[in-house]
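Every read-out reported here was derived from the displayed coordinates using simple, explicitly stated rules and does not represent laboratory data. Not measured: the values here are computed from a predicted model. When we count neighbours, we look across all protein chains shown, and the Cβ atoms used for this are built from the backbone with ideal geometry, even at glycine.
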Amino acid sequence: MQLSDAIRIRIEYFLHRKGFSSLWDLYKSSGVPKSTINALLGTEKNKLPRLPTLLHICEGLDTNLMEFFNDSMFINLEDPSEDKKDTK
């Protein structure tokens, strides 16, 4: 699993836990632009958020970075940059 997939899964988990029914709810509670949220969860699924952006998302989901990353899926992640090195 790639880091972008794990982050997306965790955001979706916390969205469900918070009872949010749409990305609009996350936008309103976090202050993160709708275009950024759409890119992370929809249109650009390989996109990684900057740490301050993820912090704002966590705050909007009533969690913190420690709780967000406290899941075994973050232990053995694939590094997509390794694929780029192999093709050169």
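Computed quantities for the displayed model
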quantity: Contact order relative to length of the chain, as percent, for alpha carbon pairs under 8 angstrom and 6 or more apart; calculated: 38 percent
quantity: From the coordinates shown, mean projected area of the Cα convex hull in nm² corresponds to which of (1) 7.2; (2) 6.0; (3) 10.1; calculated: (2)
quantity: Dipole magnitude (debye, nearest 20) for the chain, charges at Cβ of Lys, Arg, Asp, Glu; calculated: 320 debye
quantity: Karplus-derived 3J(HN,Hα), 6.51/-1.76/1.60, for each residue of region 67-77, Hz, glycine and proline x; calculated: 5, 4, 8, 7, 8, 5, 5, 8, 6, 10, 9
quantity: Given charges at Cβ of Lys, Arg, Asp, Glu: the chain dipole, positive-most of SER21, ILE7, THR63; calculated: SER21
quantity: Lysine pairs in the chain with Cα atoms under 25 Å, if 8 or more residues apart or on separate chains; calculated: 14
